[in-house]
1. What pairs in Lys303/Lys328; Lys86/Lys475; Lys305/Lys394; Lys122/Lys178; Lys394/Lys475 have C-alpha atoms more than 32 Å from each other?
2. Determine the shape class of the chain: with a ≥ b ≥ c the square roots of the Cα gyration tensor eigenvalues, call it rounded for a/c under 1.5, and otherwise prolate if a/b is greater than b/c, oblate otherwise.
3. Could you give the dipole magnitude of the chain about its Cα centre, charging the beta-carbon of Lys and Arg +1 and that of Asp and Glu -1, in debye to the nearest 20?
4. Which of the pairs Lys316/Lys455; Lys202/Lys255; Lys398/Lys439; Lys89/Lys120 have their Cα atoms more than 20 Å apart in this structure?
5. Tell me, how many Å apart are the Cα centres for the stretch 190-217 and for the stretch 100-154?
6. Toward the positive end of the charge dipole of the chain, about the Cα centre and with charges on Cβ (Lys, Arg +1; Asp, Glu -1), which of Ser218, Gln423, Thr326 goes farthest?
7. For an R0 of 60 angstrom, estimate the FRET efficiency from the Cβ-Cβ distance between Ser521 and Thr187 and round to the nearest 0.05.
8. Which of the three applies to the stretch 50-185, rounded, prolate or oblate, going by the alpha-carbon gyration tensor with a ≥ b ≥ c and a/c under 1.5 meaning rounded?
Amino acid sequence: MITHAQNLDKIGKKDMVTIHGGLNLNSILYQSNGIDARRQPFTWYANGNLTVNVLDVSLPFNYSYSNNQGKFTQPFNMTNCTPTYKWIKGYAGFNSMTFSNYTLAGHIFLGGGLELTPKKWKIAAMYGRLKKAVPYDILNSNDNDMSYKRMGYGAKIGYDGEKFAVHLIYFSAKDDIKSIPFYPPVTQITPQANTVISAIGKIKLAKFWSIEAEYALSGLNKNLLATEGTFNNSKYKLPFINNQIGNVQFFSAYKSSLSYTHKIFNVGFNYEHVDPDYKTLGAYFFNNDLENYTISTAWRFLKSKLNISTNTGLQKNNLDNSKLSTTKRWVGSINGTYSPNTKWNFSTSYSNFSTYTNVRPISDPYYIKTAADTLNFYQLTQNATASINYNFGKKKAKQGIMFATNFQTTGDKTGNVANVPSQLINGNLGYSFAWTPTKTSATLSFNYNHSYIQKTKNIYFGPNLSISQNIAKNKVRLTLGGSYNQVINNGFTNSKVINSRFSLAYNPKLKNEKLGKPTLSVNCAYINKLAAIQQVKSFNELTTTFNLGYTF
């Protein structure tokens with residue numbers, strides 16, 4: 001969102017305070033015959049946004065509400081406010097912030113935050129609840145959803161200059177032991193505490209060269225209920241990171257890159273190392289125990305009409321040799337696009353992912369080793385895509401032809417035994433036509449999908465047709481569509497699928513446009529699967545969606 005400086009000249013004027021936003025109410029009806037219902041018969045949800053502008057200071061609010069809340073206890077699934085003024089941005093309610101991938105990385109929290117970006121300075125801070133307390137399910141003896149209340153706070157300060165940049169990050173989170181009244185004696189869910197510090201730097205060496213690096217150190221306490229502390233990495237002891245009791249462990253992660261940027265090409269050399277068991281409570285998921293070496297390039301030819309990029313590298317795990325197997329993975333990819341003019345567009349890509357695993361046998365002095373004890377596993381995945389677009393016709397009658405295809409194959413080899421590879425082939429050929437005077441458009445396409453998995457060959461193919469028309473002085477748009485596809489399994493017709501679609505969108509205009517703009521839409525999708533053999537069941541299902549919206 002773009003904001004401007006506070007304007008005191010607006011005091012007492014009509015535009016001193018402005019309000020705009022939008023509301024949406026959606027409901028979904030579902031009915032099926034012949035199969036188990038794949039969703040609830042009736043679902044509704046509402047969402048919207050409201051932005052209040054006072055003297056050019058923006059205060060945006062967002063909310064969502066639904067009758068399908070699952071296991072959430074609050075009636076409003078999510079509310080937030082992010083006021084902005086000049087280089088100041090605030091966070092209130094449910095929000096997410098990102099300091100870096102190794103510290104706080106997009107984790108949703110309930111609380112407050114602040115971002116300041118005066119000139120070349122970058123300052124950010126947050127405090128809030130990362131997880132809410134969910135008690136142990138005593139009736140069902142189930143701890144799958146059990147969770148301790150987790151609070152977190154952090155800050156980031158940095159300076160981005162023309163020739164160099166530096167950022168320092170601190171993040172800490174801790175579970176509340178008393179937030180759960182009862183916990184089972186045997187459970188894998190324990191209260192944790194985590195503190196992470198990180199430093200990020202970037203230096204521009206010359207006109208085209210630059211170096212960028214980040215180092216992060218994470219102190220993780222996996223169980224706050226432990227009574228004795230065990231600090232296993234003494235060299236990482238820091239006063240502000242290891243002051244927790246319990247089973248505290250320290251892990252590091254770092255990455256660096258050297259890049260060369262020119263007008264017609266770029267090249268980058270990248271390295272990343274993440275210790276085994278590295279974790280931050282500021283991210284939902286984190287890959288660890290890996291080491292990456294990659295080289296990336298980008299080329300621009302013919303005045304940027306032809307663009308080619310490549311990426312290749314090596315990844316390995318088991319950095320501390322604690323696992324019985326070590327995996328090495330080589331990845332390579334190439335992408336290209338060519339647009340000689342406004343009518344033609346070509347694109348293609350190819351990637352080759354390979355994985356090699358060597359399993360080390362367990363040492364046993366009384367065990368005679370044989371050749372079969374060493375397991376070498378090699379896996380290869382290749383993926384290729386290509387597309388061609390051609391646009392032609394006149395201003396009133398615009399036409400286009402599109403073709404896209406995708407090929408993927410996966411194979412693996414264990415020892416000297418090669419398994420049967422899996423293959424996937426997808427293709428789509430389409431033609432579109434638009435008559436602008438009457439706002440009429442039509443699309444005719446044909447799709448083909450071929451898969452060969454575990455010696456089973458499946459083919460799914462058929463035509464698709466869609467027609468759209470504006471009526472009532474372009475206030476209403478009607479769309480009709482349908483498709484007919486056959487499913488062939490190992491050479492025999494398995495079933496036939498008919499898919500019908502209908503949609504209506506109504507966009508009336510109010511006499512006074514300042515009052516806002518209402519919208520109404522209805523979408524229906526009907527699927528009818530006709531079985532061609534006794535082993536396959538016929539079924540049909542109807543899904544109808546209503547949407548009522550209002551923007552002001």
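Throughout, read-outs are computed from the coordinates displayed, never taken from laboratory work. Because the structure is predicted, anything quoted here is derived from the model rather than measured. Backbone-built Cβ (ideal geometry, glycine too); neighbour counts: all protein chains shown.
1. On the way: Lys303/Lys328 39 Å; Lys86/Lys475 39 Å; Lys305/Lys394 24 Å; Lys122/Lys178 37 Å; Lys394/Lys475 25 Å.
Violating the 32 Å limit, Cα to Cα: Lys303/Lys328; Lys86/Lys475; Lys122/Lys178.
2. Details: a/c = 1.42, a/b = 1.14, b/c = 1.24.
Rounded shape, in that the Cα axes give a/c under 1.5.
3. Working: 58 positive and 26 negative charges, 497 e Å.
So the dipole magnitude of the chain works out to roughly 2380 debye.
4. Numbers: Lys316/Lys455 31 Å; Lys202/Lys255 12 Å; Lys398/Lys439 11 Å; Lys89/Lys120 16 Å.
From the list (Lys316/Lys455; Lys202/Lys255; Lys398/Lys439; Lys89/Lys120), the Cα-Cα distance tops 20 Å for Lys316/Lys455.
5. After rounding, the separation between the Cα centres reads 21 Å.
6. Gln423
7. Numbers: r = 48 Å, r/R0 = 0.80.
With R0 = 60 Å, the Cβ-Cβ based efficiency is 0.80.
8. Numbers: a/c = 3.44, a/b = 1.59, b/c = 2.17.
Note, shape of the stretch 50-185 comes out oblate.
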